[in-house]
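These notes concern the structure reproduced below.
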Amino acid sequence: MSSTKEEAPAVRVLGLWASPFVIRVLIALRLKGVEHEVLEEVVGKKSELLLRSNPVHKKIPVLLHHGKPISESLIIVQYIDEVWSSNAPAILPADPYVRAVERFWAQYIDDKFPRGIRILKGTVDGNKDEIVEQLSTALQLLEEAFLKLSNGKHYFGGDNIGYLDIALGSHVGWVRAVEKIAGVQLLDAAKVPHLVAWADRFCAHPAVVDVLPSADRFVEYSVKYGSFFPTRPSLPTE
Amino acid sequence: MAGAEDLKLLGMWASPFVLRAKLALSLKGLNYEYVEEDLKNKSELLLKSNPVHNKVPVLIHNGKPVCESTVIVQYIDEAFAGTGLSLLPSDPYERALARFWAAYIDDKLLPSWTKTSRGSTEEERAEGKEQSAVAVENLEGALRECSKGKPFFGGDNPGYVDVILGGLLGWVRASEELYGINPFDPAKTPLLAAWAERFGALEAVDPVIPEVNKLVEVAKMMQAKLAAEAAGASN
């Protein structure tokens, strides 16, 4: 059967390579071996498709599955896990209690890191010293959480990366970038040795390595654009 | 009965977040021990169970604590999957939609209400009012989309979004007396207004919602306290 009109791929991602939220979705899809197309948005100019697909927030990432839009990165990751549940590995842990713990920390991470990173990048006004303290405390707590959840294995998810690995790991690019931009130490091997080792392993993981660029590329991006959407006034909270 | 579940909820009677947990437990027909916390004098158990935030609600199941209201509600649904109603839908796309709107309530709706009532400047409060109008309009659309003509966000039966929004019902009711505003104005958001009545009247819900006059009393006390502090500060 031949068709003169090409069908859109079943799975498409609207995104920007530098967004940690988009990176989460790409990692999840790669982890599950799901074929997908990435539509890179133009910085500062939202596409018609994006505005139509996420009219409420007008934000990336958006996953389009057979044309149906799903928004919000962690919601998308859970969706991917549930739809492709027969593809290993499982992203969310099987045990409801461990799930609850991972969801708790994922929420905590998104409460602290995006805003903190924006302040350290200089996109938004704020007390940098205070932020460094807050993020260091957060990393300390996450170091302890890592020890409990990993149970001696390589990732928060155990033998393979999972929900919490993706939630935190997606921020590593910008964390390392702001360390250079602001001249601060966050992923300090002296203070959070297990997280530092985990971060290296995470970044080298086959599902991650091609979608989480080096810190220098994020620094370049920051110099070039200042923020993701420079035409939109920067808000202190997401 | 062997292996009886040990469920304890640490809460504060006026908290909408605690109410969410109570609603989920009630809708699933689960028995639990409720512990009222004095937030000015938090118990050892609370501090130990939620060391990161020291906040309520905390659900303790067989000695293991779960924190954050949306996490707790999902936990209740998953840990007790065979019991009572299913709060999250079974279809992955509908689940994603339910999670999206639950997040919207906390990320957009609630902050806009807080800004409207507690914004420090007239400008801020006006901005809050504008944002609230957009937020409830979006939620009205969400209810239309999710319910598909049925009584609840969850369809025939209340579900996740009903619980997350339902936690706010006490304060929604109190809002009219306190601020002369009905956040779910039947003229502007008829579906939400009808939903609020319907959800609030459910057998599993009605007894659990805090009394409006008590909420009003607590809010007025807070307002008086803040006013006194402001007056004292300007002297």
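Structure notes:
- Span-rule helices in chain B, defined as complete DSSP H runs reaching 27 Å or more along the axis (Cα) with Kyte mean at least -1.0: B:122-147, B:212-233
- For the protein assembly as shown, the Cβ-based charge dipole about the Cα centre amounts to some 560 debye (Lys, Arg positive; Asp, Glu negative; other atoms uncharged).
- Stokes-Einstein D in µm²/s, Kirkwood radius over Cα pairs - the protein assembly as shown at 10 °C with 1.306 mPa s viscosity: 67 µm²/s
- Cα-based Rg and Dmax for the stretch A:96-223, where Dmax is the largest Cα-Cα distance (Å): 14.1, 43
- Charge dipole of chain B about the Cα centre (unit charges at C-beta), most positive-ward option of B:Gly128, B:Ile72, B:Val58: B:Val58
- Length added when fully stretched, A:Glu40-A:Asp188, from 0.36 nm per residue minus Cα-Cα: 50.0 nm
- Helical runs (DSSP H, four residues minimum) scored at -39500 (n - 2.57) apiece and divided by the length of chain B put the mean residue ellipticity at 222 nm at -17500 deg cm²/dmol.
- Residue (of A:Leu51, A:Pro61, A:Val22) at the positive-pole extreme of the stretch A:11-83, dipole from beta-carbon charges: A:Leu51
- Peptide B:78-84 is shielded by partner chain Cβ atoms: per residue, an average of 2 of them sit within 10 Å of its Cβ.
- Highest-first packing order for the peptide set A:174-181, B:88-95, A:48-55, B:222-229 is A:174-181, B:88-95, A:48-55, B:222-229, based on the mean count of other beta carbon atoms within 10 Å.
- Contact order normalised by residue count of chain A, Cα under 8 Å, 6+ apart, percent: 22 percent
- Unit charges on C-beta of K, R, D, E only; dipole of the stretch A:47-182, Debye: 420 debye
- Listed residue (A:Val132, A:Gly157, A:Ser222) projecting farthest to the positive dipole end of the stretch A:96-223, Cβ model: A:Gly157
- With one equal scatterer per alpha carbon and no solvent term, the Debye-computed log10 I(q)/I(0) for chain A at 0.17 1/Å reads -1.35.
- Cβ-to-Cβ counts within 10 Å put A:Ser222, B:Ser69 in ascending order as A:Ser222, B:Ser69, the fewest first.
- Note that chain B, at 4 °C in a medium of 1.567 mPa s, gets a Stokes-Einstein diffusion coefficient of 69 µm²/s from its Kirkwood radius over C-alpha pairs.
- Most to least packed among B:99-112, A:116-129 [average Cβ atoms within 10 Å]: B:99-112, A:116-129
- Distance from the C-alpha centroid of the stretch A:107-164 to that of the stretch B:30-98: 23 Å, rounded to the whole angstrom.
- The calculated P(r) of the stretch A:11-83, using every Cα pair and 10 Å bins from 0, goes 21, 61, 17, 0 in percent.
- Summing charges over neighbours of B:Asp156, with a neighbour being any other residue whose Cβ is under 14 Å away from its Cβ, gives +1 when K and R count +1 and D and E count -1.
- A full extension of the chain between B:Val52 and B:Ala231 corresponds to an added length of 61.0 nm, given 0.36 nm per residue minus the alpha carbon distance.
- Inter-chain neighbour count for B:64-71: the average number of beta-carbon atoms from partner chains within 10 Å of each residue's beta-carbon is 5.
- Span-like helix check, chain A: qualifying full DSSP H segments, with Cα axial length of 20 Å or more and mean Kyte-Doolittle of -0.5 or more, are A:96-121, A:128-150.
- Dipole magnitude for chain B: computed about the Cα centre from +1 point charges on Lys and Arg Cβ and -1 point charges on Asp and Glu Cβ, it is near 220 debye.
- Counted charge near B:Leu27, where neighbours are those whose Cβ lies closer than 15 Å (Asp, Glu -1; Lys, Arg +1): -2
- Annotation: lysines with alpha-carbon distance below 26 angstrom to A:Lys121 (same-chain offsets under eight excluded): A:Lys45, A:Lys46, A:Lys58, A:Lys59, A:Lys112, A:Lys180, A:Lys191, A:Lys224, B:Lys108.
- Counted by Cβ distance under 13 Å from B:Asn182, the other residues give a net charge of -2, where Lys and Arg count +1 and Asp and Glu count -1.
- Exercise: per-residue mean of other protein chain Cβ atoms within 10 Å, A:68-79: 4
- The stretch between B:Arg125 and B:Asp106 holds 5.0 nm of extra length on full extension. This uses 0.36 nm per residue minus the Cα-Cα distance.
- Mean residue ellipticity (222 nm) of chain A, computed from DSSP H runs ≥ 4 via -39,500 (n - 2.57), nearest 500: -16000 deg cm²/dmol
We did not get these values from a lab; they are worked out from the coordinates using the rules stated. This is a predicted model, so every value here is computed, not measured. Cβ: placed from backbone, ideal geometry, glycine included. Neighbour counts: every protein chain shown.
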